[in-house]
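Engineer: Dropping a structure here in structure tokens format, bear with me for questions.
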Amino acid sequence: MGGNPAARGRNPNFMAFISRLRQRRRCPRVSGRQGHLACWTRCWTGFALLAAAPLAAQVAAKTPALSSADAGRHLMASLQPAPSPEELRQLLERVIAATHRGDAAEAEYARTEHWVERRHSGDADPILDRVYRVYPTGTGTLKVLLADSGVRVTPEKYRVELRELEKSLVWALDPSEPRQHARVEKWQKRTAERYHAVESFRDSYEITWLGAERLPNFPGPQPLAKLRLDPKPGTASGTIATELLAASRLTLWVVPETGEVVQLDAELIRDLSFGGGLLGKIDKGGSVHIEQREVAPGIWLPSLISNDVRGRKFFIREESVRTVESRDHRRVGPPADLLKQVRRELSNPELQVPAP
């Protein structure tokens, strides 16, 4: 249980995959039925929820000075006047490294999520109101339903959900399982897209210092560094992910010493059309809001993700209005460790549903 989560559980195949990622310059295209609205939301949600676990130690090792508390204190001391361009660049490097550190831990943490979705932002009644326990599976996550519309599921239903989790973990540990290869490929594609989205921040944005500010969800003694990231002209390269980067403005509230992102707001500043407008369009003004908190010393994970995005897929108007609150983060380890915990719970003849 002790030690650095980023340094545990490495495997050669994963490290080789990350090595290949670092040599690529473009994000993979998003295809299939995922939809452009979900893609834009996922792009910025992915800033807080990447999956490149072992990369954290590599980034931190390469930039020790940028990750030090001394650099953060020097930055806060230079608030008047504003930090220099070099100091802002160093702060962005700390943000990128801190994001990878958090993602290393996220791959081994379970959490409780409360999902609320509405058809339109002004609707009083949600179309979905569910509470899940979310577990990492090695190639993503699996949601175990705890409550639906305020009603707790039955122990029988909960046991069925746990059996599905057990099956997913068994598959994750069996490379000969027929469908596991496809799951790994899908996970690698998703990881590549999110990895490149964060790494491209160095070249995709102009950074503006907005001052020091306190937030109610951050009880630290020092104010946070507030930054605005405006897309540079001509940064899109034809993929959906890079076009989204080039059309989004970000506001970040950052712990200056460590680069941890306490809050992130992303806004689409122009319409985005796909396939000449025939395949779909995302409307200007869409937004994603992310809050993070420290769940263990040095480990920051999302506590709130909300989005309000509108657009069109082919000739059908769509709207995505969703809030996901996360709590009760607990380290469960890699799939082999989690499988033991799940089987121990399933062995209880008087299995009870956890409180939602």
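Engineer: In whole percent, what relative contact order does region 66-346 give with Cα contacts below 8 Å and a gap of six or more residues? Write down the numbers at each step before the final one.
Structural biologist: Values: 520 pairs, mean separation 60.8, N = 281.
Relative contact order of region 66-346: 22 percent.
Engineer: Between TYR205 and residues 5 or more places away or on another chain, which pairs have amide H atoms under 5 Å apart, with H built 1.01 Å from N, and which residues are they?
Structural biologist: Correct list: LYS232.
Engineer: Based on the alpha carbons, how large is the Rg to Rh ratio for region 66-346 when Rh follows Kirkwood?
Structural biologist: Working: Rg = 20.7 Å, Rh = 21.0 Å.
On the Cα set of region 66-346, Rg over Rh gives 0.99.
Engineer: May I pose another question? How do ILE305, ILE96, ILE269 rank when sorted from fewest to most other Cβ atoms within 10 Å of their own Cβ?
Structural biologist: Details: ILE305 23, ILE96 19, ILE269 14.
Exposure proxy ranking, most exposed first: ILE269, ILE96, ILE305.
Engineer: On a C-alpha basis, how far is the centre of region 85-113 from the centre of region 156-197 in Å? Whole number, if you could?
Structural biologist: For region 85-113 versus region 156-197, the Cα centre distance is 24 Å.
Engineer: Provide Rg and Dmax in Å for region 232-356, with only Cα atoms included in the calculation.
Structural biologist: 20.2, 61
Engineer: For GLU93, GLU177, what's the fewest-to-most ordering of other Cβ within 10 Å of each Cβ? Please list the in-between numbers first.
Structural biologist: Numbers: GLU93 20, GLU177 13.
With the fewest neighbours first, GLU93, GLU177 line up as GLU177, GLU93.
Engineer: Compute the Cα gyration tensor for region 114-171, then decide on rounded, prolate or oblate, letting a ≥ b ≥ c be the square roots of its eigenvalues: rounded whenever a/c is under 1.5, prolate when a/b is larger than b/c in the other cases, and oblate in all that remain.
Structural biologist: Working: a/c = 4.21, a/b = 1.76, b/c = 2.39.
The shape class here is oblate.
Engineer: Could you grab the relative contact order for region 143-240? Cα pairs under 8 Å, six or more apart, rounded to a whole percent.
Structural biologist: 17 percent
Engineer: Right, here's the next one. Would you kindly state how much longer the chain becomes between ARG330 and ASP271 on full extension, computed as 0.36 nm times their sequence separation minus their alpha carbon distance, in nm to one decimal? Could the numbers behind the result be given before it?
Structural biologist: Numbers: separation 59, 0.36 × 59 = 21.24 nm, distance 3.96 nm.
So the extension gain works out to 17.3 nm.
Engineer: Between PHE315 and ARG228, what is the label-to-label distance in nm when each label sits 7 Å out along the Cα-to-Cβ direction?
Structural biologist: The answer from the label model is 4.1 nm.
Engineer: How do LEU173, LEU278, LEU146 line up, fewest other C-beta atoms within 10 Å first?
Structural biologist: On the way: LEU173 13, LEU278 10, LEU146 21.
So the ranking, lowest neighbour count to highest, is LEU278, LEU173, LEU146.
Every number here is computed from the coordinates shown, using simple stated rules; none is lab data. Keep in mind the model is a prediction, meaning the values are calculated, not measured. Here Cβ is always computed from backbone atoms with ideal geometry, including for glycine, and neighbour counts include all displayed protein chains.
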